[in-house]
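Remarks on the structure that follows.
The values are calculated or read from the model by the stated rules, or taken from the named source; none is laboratory data. All of these numbers come straight from a predicted model, not from anything done at the bench. All Cβ positions, even for glycine, are placed from backbone atoms using ideal geometry, and neighbour counts span all protein chains on display.
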Amino acid sequence: MKKCVITVVGKDTVGIIAKVCSYLADNRINILDISQTIVSGYFNMMMIVDMSQPAKPYDDVISDLDNLGDEIGVAIKCQREEIFDMMHRI
Amino acid sequence: MINIFEVTETNKMVEKENLDVRTITMGINLLDCASENLDEVNEKIYKKITTLAKDLVSTGESIAKEFGVPIVNKRISITPISLVGAAACKTPQDYVTIAKTLDKAAHEVGVNFIGGYSAIVSKGMTRSDELLIRSIPEAMASTELICSSVNVGSTKTGINMDAVRLMGQIVKETAEKTKDADSLGCAKLVVLCNAPDDNPFMAGAFHGVSEDDAIINVGVSGPGVVKYALESVRGESFEVLCETIKKTAFKITRVGQLVAQEASKRLGIPFGIIDLSLAPTPAIGDSVADILEEIGLEHAGAPGTTAALALLNDQVKKGGVMASSYVGGLSGAFIPVSEDQGMINAVNAGALCIEKLEAMTCVCSVGLDMIAIPGDTKAETISGIIADEAAIGMVNQKTTAVRVIPVVGKGVGETVEFGGLLGYAPIMPVNQFDCSAFVNRKGRIPAPIHSFKN
């Protein structure tokens, strides 16, 4: 399994999760875990997803999510999970 | 499983605190390119570099994108050219042709710098070493991406004072040859003592003869991350201060370790070492001097600076060592002047002079680095500065270096702009008293007594 972490940060608005999730569903990316908070009006979400069989190459998914973020008005980043594991787990 | 706070912490380091991997450096052995025929040498070098490193830049870029961590530089280090060109080069001009070939190969593969236009002359100088050294000014003036280094001493061999004297002249000549670009050639030329074989950082990088045929070395950075972490422990004890630096250095180094392993796997080239250095850039908040200020100094250079830097350097190593399977290179805190906004501010405020920087080099990772000095500084004076630094390195069994830029046509109080990561610098005054009778003695300084460990 190739796990990735998607983070969404920005001003809260209607349909952020819906738009991100439908993009992931359309591209065969399975969501394993979601956590989300709102701190003083700012939306903060983290998803752990399984990218074993995405419909598109990984690079395209990163750029698509970046563009989707621009559309909604939030910042969306998609990173391989290993970087967080390496930094925070011994 | 990773939680949202950990993810936010990592991303904050990258977005707000300038965390990056400073360089992936591919070390390439060129000894098998040696030949008596100069054209053949050039051809073989070009072919070997452009074959082995053809995917270096694209691999670096895709790793940066996938992990969301910037990889600022992709570089190449090569076997010291004085060895590779020894059989073929009969004049300094012959060596310049190799420099041009290297520059062409570096442009072809798209790397930022190629280091290893070097000679190791810590005890004596062979004819080919001397020819290479004499070719440096012309090589620096006629290429763009070449970095050159000369190792003039070591703890085991002592200091080759003939080489030190020659390097004073070579630095001056390089400044003169590149005067139209504010003597930029000297920013890519460093004189070392105890140079390591596996340093991924420029200008002193070369691929030592003890290394594999090709190798991936990674230099991590992140002074900004350390600075921000220390903001949360203001006024706390030294124990808390040191623990905070160690923990932060550990996290930074883990990123380097991951990138190094990934690059090594994708390129099919063995992983060499991680260099755990805090390397500043001219960007605001990416400064080693800012860390010293955060530790409690008004400016870098104030009394206490050497102690604060010693503490910082040691904690960075202690935190980083456990984070990587192999640590090497220079590993510590760099204190270049032009590449660090906090250092520049300290010089402008009158807090920092060359003599204080010299004291700091006893405890930092390298030496006098990226210091602009008046263009009329004598070659003997530069040799004197080099000898002092080499002595510090030799006696303390550490790497030291001198990268000074005598900016032709400029004097104290003026500023010089090198651009990019090399930054800009106020020209610093140099002690005007003469040392030529010392420098002009022939021969070498013997190795210190504590080098005899057998």
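General observations
- A single entry from B:I371, B:I392, B:I405 fulfils the requirement of being outside any helix (DSSP H, G or I) and touching a Cys at 6+ places or on another chain (Cβ under 9 Å): B:I405.
- All conditions but one from (1) assigned to a helix (DSSP H, G or I); (2) in contact with a Gly (Cβ under 8 Å, 6 or more places away or on another chain); (3) crowded, with 17+ Cβ neighbours inside 10 Å apply to B:A447; the one that does not is (1).
- Residue list for the range A:65-78, restricted to those being closer than 25 Å to B:M1 by Cβ and over 11 Å from the mean Cα position of the chain (by Cα): A:V74
- Scanning the range B:54-80 for residues that are more than 14 Å from chain A (Cβ to nearest Cβ) and more than 21 Å from the chain's Cα centre (by Cα) yields B:K54, B:D55.
- Odd one out for B:L421, checked against (1) over 20 Å from the mean Cα position of the chain (by Cα); (2) modelled with pLDDT under 95: (1)
- The range B:1-29 residues that are at the interface with chain A (Cβ under 7 Å from one of its Cβ atoms), paired with ones that are in a helix (DSSP H, G or I) and surrounded by 18 or more Cβ atoms within 10 Å (Cβ to Cβ) (beta carbon under 6 Å, 6 or more apart): B:I2/A:F84; B:E6/A:F84; B:V7/A:F84; B:T10/A:F84; B:T10/A:M87
- Residues satisfying the stated conditions in the range B:227-276, i.e. without any contact (Cβ under 8 Å) to a residue 24 or more places away in the chain, β-branched (V, I, T) and in a helix (DSSP H, G or I): B:V240, B:T244
- Matching residues, the range B:362-399, being surrounded by fewer than 24 Cβ atoms within 10 Å (Cβ to Cβ), among the small types (G, A, S) and closer than 16 Å to B:A175 by Cα: B:G375, B:A379
- Residue in the range B:49-61 that is assigned to a helix (DSSP H, G or I) and of a type in the set (G, A, S) present: yes
- So A:D59, is it surrounded by fewer than 17 Cβ atoms within 10 Å (Cβ to Cβ), assigned to a helix (DSSP H, G or I) and within 9 Å of chain B (Cβ to nearest Cβ): yes
- Among the residues of the range B:374-389, just one is part of a helix (DSSP H, G or I), among the polar types (S, T, N, Q) and farther than 25 Å from B:D197 by Cα, namely B:T381.
- Single unsatisfied condition, B:G319 versus (1) surrounded by 21 or more Cβ atoms within 10 Å (Cβ to Cβ); (2) touching a residue at least 60 places away in the same chain (Cβ under 8 Å); (3) farther than 22 Å from B:N18 by Cα: (3)
- In the range A:62-90, of all residues being within 10 Å of chain B (Cβ to nearest Cβ) and in contact (Cβ under 8 Å) with a residue 24 or more places away in the chain, the one that is surrounded by the fewest Cβ atoms within 10 Å (Cβ to Cβ) corresponds to A:A75.
- Only residues that are in contact with a helix residue (DSSP H, G or I) (Cβ under 8 Å, 6 or more places away or on another chain) and either small (G, A, S) or surrounded by 14 or more Cβ atoms within 10 Å (Cβ to Cβ) (or both) were counted in the range A:6-29, giving 11.
- Only one of the numbered conditions (1) at pLDDT below 90; (2) more than 22 Å from A:G15 (Cβ to Cβ); (3) among the aromatic types (F, W, Y) is not met by A:Y42, and that is (2).
- When the range A:45-67 is filtered for residues that are more than 30 Å from B:T253 (Cα to Cα) and either modelled with pLDDT of 95 or more or not aliphatic (A, V, I, L, M) (or both), the ones remaining, listed by number, are A:Q53, A:P54, A:K56, A:D64, A:N67.
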